[in-house]
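Take a look at the structure below.
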Amino acid sequence: MAPPRLGLKENWVQFSLLVLVNAFVGAMVGLERSILPVIAEQEFELAARSAILSFIVVFGVTKALTNYFAGRLSDRWGRKPILIAGWIVAAPVPLILMWAPDWNWILVANALLGVSQGLTWSVTVIMKIDLVGPRQRGLAMGLNEFAGYFAVAASALATGWIASEIGLRPEPFYLGVVYVIAGILLSIAWVRETRHHVAHEAAQQAVTEPLPSQREIFLRTSLTDRNLSSVSQAGLVNNLNDGLAWGLFPIAFAAAGLSLAQIGALAAIYPAVWGITQIFTGALSDRVGRKRLIVGGMTVQAAGIGLTAVSASFAGFAAGGALIGVGTAMVYPTLLAAIGDVAHPSWRASSVGVYRLWRDLGYAVGAVLAGITADLFGLAAAIWFVAALTFLSGMLAAVRMTETLVRNTDDRLKIAAAAR
């Protein structure tokens with residue numbers, strides 16, 4: 001049997017299929033993006049911002065913990081079984097969102113959604129890294145995140161429109177049933193296992209150190225490796241401000257007098273710009289390096305959040321959302337590519353799991369901090385607080401990171417030495 005070939009061109013059929021699968025994964029999150037905070041206020045009569053944002057806390061914690069185990073489980077059991085399991089967990093989510101009698105059921109739905117997202121999104125990321133090898137890793141991550149977040153935007157726009165025309169529940173969530181069925185069928189019938197690709201890549205790279213333990217991988221990715229830990233903190237803060245956009249922006253837009261259709265459009269602008277721009281920024285990081293895009297992207301996000309804080313019209317909110325989208329596009333695929341640059345293929349999936357643990361804990365951290373700040377000092381103060389944290393995160397990456405883009409074996413050895 002011929003050995004597997006690495007590369008985007010060589011594996012374009014499977015890669016394209018995984019892009020499509022990840023679009024349905026992203027669309028599941030988009031179900032809630034524009035209307036769930038409004039449902040919390042209007043149907044369940046929740047007034048405290050921290051209570052409204054509890055669904056994001058539950059989603060963020062469950063997704064973060066599942067991310068950590070998804071990498072380890074996919075190394076042990078294979079990528080495809082974990083992908084299918086993630087879709088099965090997602091199956092009840094749209095039904096619960098349609099018919100939940102109280103807010104606690106919404107929290108249950110978001111716990112299931114978090115577990116599902118942790119399994120499905122993590123595995124599609126890992127499988128694409130497996131397929132393409134080191135040469136086009138940034139482009140691969142750009143395409144992956146484009147599919148997911150453009151689908152978030154499209155789904156948010158669709159649910160916002162349906163809610164404005166028909167009602168908040170149950171009609172907007174019918175789309176979720178379609179997403180689940182499509183995701184399960186594609187994953188079972190056409191997705192192929194990719195563990196043999198990563199074994200082939202690992203065999204081509206010299207092993208300069210023993211395989212680290214899970215504890216060592218966790219500590220290295222979280223704290224001790226300057227590059228991996230810088231990527232992890234930037235990922236956490238990135239999703240911290242995404243949690244703000246998800247939970248508080250729709251409330252701020254409604255307070256400014258915008259309609260549900262306008263709120264849905266605004267909820268779509270940020271992930272749409274993010275999704276489309278990632279195609280280019282992911283590939284750009286393969287040429288110019290990772291660090292400058294990470295630092296620049298966090299700074300642009302901070303500017304967009306600040307613009308949203310001072311705006312009071314649809315145009316101002318749209319401009320702020322577009323800026324946040326551009327900044328996030330600079331950062332999101334580049335962070336994943338940087339993990340792939342630094343981590344050896346033999347423990348890369350586990351390192352990706354640790355990174356995604358910290359990154360998606362940002363949803364919970366952001367929801368708690370933004371909710372408490374908004375309750376104590378108002379919406380504008382919460383938005384400014386997150387803008388400041390985002391800017392500081394970029395500055396920390398500027399000081400602590402070295403360039404991680406690997407062009408040859410010597411580069412890999414230099415990067416490993418500099419990061420210790």
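The values are calculated or read from the model by the stated rules, or taken from the named source; none is laboratory data. Everything numeric here is computed off the predicted structure, so don't read it as measured data. Here Cβ is always computed from backbone atoms with ideal geometry, including for glycine, and neighbour counts include all displayed protein chains. Note: areas computed on protein heavy atoms with side chains; ligands, DNA, RNA excluded. Shrake-Rupley method; radii C 1.70, N 1.55, O 1.52, S 1.80 Å.
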Averaging sequence separations of C-alpha pairs under 8 Å and six or more residues apart, then dividing by the length of the chain, give the relative contact order as a whole percent.
27 percent
Prolate/oblate/rounded call for the stretch 279-339, Cα gyration tensor, a/c under 1.5 rounded
prolate
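In the chain, how many lysine pairs have Cα atoms under 25 Å apart, counting only pairs 8 or more places apart or on different chains?
So the count of such lysine pairs works out to 7.
Which net charge results when you count Lys and Arg as +1 and Asp and Glu as -1 among the other residues whose beta-carbon is under 15 Å from that of GLN14?
Working: positive: ARG5, LYS9, ARG79, LYS80, LYS128, ARG192, ARG195; negative: GLU10, ASP130, GLU193.
Result for the local shell: +4.
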Quote the FRET efficiency, to the nearest 0.05, computed for ARG192 versus LEU95 with a Förster distance R0 of 35 Å and r equal to the Cβ-Cβ distance.
0.70
Vicinal HN-Hα couplings computed from phi for the stretch 338-354 (Karplus, 6.51 cos²θ - 1.76 cosθ + 1.60; Hz; Gly/Pro x)
5, 4, x, 5, 8, 6, 5, x, 5, 10, 5, 4, 5, 5, 4, x, 5
Before I look further, what does the chain give for accessible area per residue, probe 1.4 Å, in whole square angstrom?
36 Å²
Rounded to the angstrom and largest first, Cα extents along the principal axes for the chain equal 60, 47, 34
Rounded to whole Hz, the Karplus (6.51, -1.76, 1.60) HN-Hα couplings of the stretch 164-175, x for glycine and proline
6, 8, 10, x, 5, 8, x, 3, x, 8, 4, 4
Can you give the convex hull volume of the alpha carbon atoms of the stretch 330-377 per residue, in Å³?
69 Å³
Only Cα pairs under 8 Å and at least 6 apart count here; give the relative contact order of the stretch 80-141 as a rounded whole percent.
38 percent
State the percentage of accessible surface on the chain attributable to carbon and sulfur atoms; use a 1.4 Å probe and exclude ligands, DNA and RNA.
69 percent
Extension gain from LEU211 to GLU41, taking 0.36 nm per residue of separation minus the Cα-Cα distance
56.1 nm
Quotient of C-alpha Rg and 2.2 N^0.38 Å, computed over the stretch 271-420:
1.14
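If you take every residue apart from PRO101 with its C-beta less than 15 Å away from the C-beta of PRO101, what net charge results, scoring Lys and Arg +1 and Asp and Glu -1?
-2
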Efficiency by 1/(1 + (r/R0)^6): what FRET value for ALA51 and TRP77, r their Cβ-Cβ distance, R0 = 35 Å, to the nearest 0.05?
0.35
Helix 195-204: inclination vs the chain longest Cα principal axis, degrees, rounded to 10, gives 40 degrees
Test of understanding: in a Gaussian network model of the chain with alpha carbons linked when under 10 Å, which of VAL38, VAL21, VAL152 would top the mean-square fluctuation ranking?
VAL38
